[in-house]
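Working notes for the structure below.
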Amino acid sequence: MRTVFSYLLPYKVAAGVAFILMLLELAVELLQPLLLAKIIDDGIMQEDLATVLTWGAVMVGLSLLAFGAGVLNSFYAGHAGQSTGFDLRNAMFRKIQRSSLGNLQPFATSSLMTRLTNDVTQIQNTIFMGLRIMARAPLLVVGGSIMALVVNWRLALFLLITVPLLVFFLLWVLKKGVHIFGKVQQNVDEVNHVVRENLTGLRLIRVFVRERFEIGRFVDKSGTLMKNTRSAFRLMELTMPVLLFLMNASILAVLWFGSISVQEGGAEIGEVVAIVNYATRITSALGVFAMIIMVFSRARASALRIEEVLLGTDDELVGSQGLPAEKTISGDLAFADVSFSYEEKTAPVLEHISFQAKRGETIAVIGETGAGKSSLFQLIPKLYTPTSGVIRMDGVNIQDTNVQTLRKQIGYVPQAVRLFSGTIRENIAWGVPEASDAAVEEAARTAQIHGMIEALPEGYATLVGQQGVNLSGGQKQRISIARALLRNPKVLLLDDSTSALDTKTEGRFLSALETYSCTTLIVTQKLSTALRADSILLLEHGKMVGMGSHEELLATSPLYKKLYESQYGKEA
Ligand code: GTP
Ligand code: MG
């Protein structure tokens, strides 16, 4: 809770002003019964109209003051709440941007989304309500009790016997509330998860006729959310009648003993009225308690979830501080006995990988699906850190290099192509927004996509993504190759990026690539591509089972021989 609420500190002035205004409102509220008692005892009972009018006017004036304070309070409370929420969202987003992927691994995407939106909203509301009404309720209970004691302590005691009972009861509700609302937020996560998965897989769902299953899955999660939210509200609904019952019982006691006291001369009628008035105000304040508990338990659950992101993730860039920020690499890449697993206790995905790629060389990485090719690639731009072993760039351990400097010189075309909404040009120039048109075209030419883009009615200005044209898998692949090339990388990582290209286009691409002086690692299923590389790295179940030229591998590796025969036929 503390970390989250420390984000309120910059707005302490607004929060403070709101709090003071709230105290003003409270003071007026606490004075009202006193004034009422005065009007009854000194005015009505004495049949003195002037007193009634004077104090009546004071009451109206104070009410207006309280009204003004209330409006201003809303303004400042809103400002404090919204600004804190804004800062929290930004802080979390920044954390996510800068955290290493390994550290983000435990968070599901949908959960991060809920944390960034719904959970922050809970905190925002809590701050607003806290400054607007929540802090007032306990103060009203305490202040009201004190005022009642001042008016007539004997009668007020009947009111106060119930307080310890109420405190115990409310603490019990609070404990249960935090637990249930923690579950509710988790259920929100789960609903979001289903929605996200569903919306990103619409086509697949239609073709596999899984709509009914999907609806069932959604209704199931949504139902759990409803069930838990309902039981949370039930708890709150239970609170209210219990509070009312206790308070009404004590009001009855006040009235009963009050009437006896008035007869015996121990109390004035106005005093009894005032105390009953305090009692009803306290009761309504206690009613707010139920809501406070609800909001507070929910906020607590949300704060914990936000703190998991704020405190549970690291900052990649901090680790790179003090390292030379700008240094061109030449592209000499070496793996030395590198092993890697995604999570601590799981089996390694890569084991004892050692190889070298000299500047300008092309290495083809081949291996069955799941062999660890993509994982190997992700280690190079430090998306993940090897569990053991060293990766060197120009002879320097990449763990000791500035991560952004390193990444700026790596061109990475991931296996799953991703374009962003915007024009084709923006997508190609995504890593180098200041690139000239000529450079963009040049990259597109090399990626063998220039002609196709030119053929579009709007050329490079064609919109892609949700509002734009739908490009084919191969077209997207080539745009993302162009995107990587435009950065003039020293190391180029092509993760199965030519899978959708026909052999002829692919050949033209590989030839065009030769003009770029970068070290290239290319994952491919096609031996025709591998044959053009300087050497071939063969992976199997995370282990390196061969490295060398085609002839060397053919002679030494049975697996490679099998692969070769399967693609080229036995007679080859
Ligand atoms: P293909 O792309 O299918 O040819 O496979 P690949 O050789 O690129 O395999 P990849 O490196 O993607 O996966 C190697 C192993 O790592 C597999 O057993 C995957 O299950 C596992 N793996 C891949 N990505 C992740 C990840 O993000 N988290 C975890 N925990 N495991 C992963
Ligand atoms: Mg892969």
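Taken together, the values in this text are just the output of simple stated rules run on the coordinates, not laboratory data. It should be emphasised that the depicted structure is a prediction, and the values quoted were computed from it without experimental measurement. Glycine also receives a Cβ, built like all others from the backbone with ideal geometry; neighbour counts cover every protein chain displayed.
Descriptive notes on the structure:
- Positive end of the dipole of the chain (Cβ unit charges, origin at the Cα centre): among Met294, Ala148, Leu527, the Cα lying farthest that way belongs to Leu527.
- As a proxy for reagent exposure, ranking Arg418, Arg532 by other Cβ atoms within 10 Å from fewest up yields Arg418, Arg532.
- Between amide H atoms placed 1.01 Å from N, distances below 5 Å from Val545 occur with Leu538, Leu539, Glu540, all of them 5 or more places distant or on a separate chain.
- Phi to ³J(HN,Hα) by Karplus 6.51 cos²θ - 1.76 cosθ + 1.60 over region 538-555, Hz, x for Gly, Pro: 10, 10, 9, 6, x, 10, 7, 10, x, 8, x, 7, 3, 5, 4, 5, 4, 7
- Spatially proximal lysines relative to Lys526 (Cα-Cα < 16 Å; intrachain offsets below 8 disregarded): Lys373, Lys504, Lys561, Lys562
- For region 2-312, the number of Lys pairs with C-alpha atoms closer than 23 Å, counting only pairs eight or more positions apart or on separate chains, is 6.
- Adding -39500 (n - 2.57) for every DSSP H run of four residues or longer, then dividing by how many residues the chain holds, sets the calculated 222 nm ellipticity at -20500 deg cm²/dmol.
- Helix runs (DSSP H) in the chain reaching 27 Å along axis by Cα, Kyte-Doolittle at least 1.6: 12-38
- About the Cα centre, charge dipole magnitude for the chain (Lys/Arg +1, Asp/Glu -1 at Cβ), debye: 780 debye
- For the chain, projected area of the alpha-carbon convex hull averaged over all directions, nm²: 36.2 nm²
- Rounded to whole numbers, the Karplus 3J(HN,Hα) couplings from phi for region 347-354 are 5, x, 8, 10, 9, 6, 8, 9 Hz, using 6.51 cos²θ - 1.76 cosθ + 1.60 with θ = phi - 60°, and x at Gly and Pro.
- Between region 344-371 and region 436-488, the alpha-carbon center distance in angstrom: 30 Å
- The magnitude of the dipole of region 331-383, with charges of +1 and -1 set on the Cβ of Lys/Arg and Asp/Glu and taken from the Cα centre, is near 180 debye.
- Here the 3J(HN,Hα) profile of region 488-496, calculated from phi with Karplus coefficients 6.51, -1.76 and 1.60 at θ = phi - 60°, is 6, x, 8, 10, 10, 10, 10, 8, 6 Hz, Gly and Pro shown as x.
- Among the chymotrypsin sites (Phe, Trp or Tyr not before Pro) found in region 446-549, not one is both in a DSSP coil and sparsely packed, with 13 or fewer other Cβ atoms within 10 Å of its Cβ.
- DSSP bridge pairs, the chain: antiparallel proportion in percent, nearest 5: 50 percent
- Amide H contacts for Val349 (H built 1.01 Å from N in the peptide plane; partners 5 or more residues away or on another chain; cut-off under 5 Å): Phe340, Ser341, Tyr342.
- A simple charge model with +1 on the Cβ of Lys and Arg, -1 on the Cβ of Asp and Glu and nothing else charged puts the dipole of region 2-312 at about 2060 debye relative to its Cα centre.
- A cut-off of 5 Å between modelled amide H atoms, ignoring neighbours fewer than 5 places along the same chain, links Gly331 with Asp394.
- The ranking of Trp256, Trp55 by Cβ neighbour count inside 10 Å, starting from the fewest, reads Trp256, Trp55.
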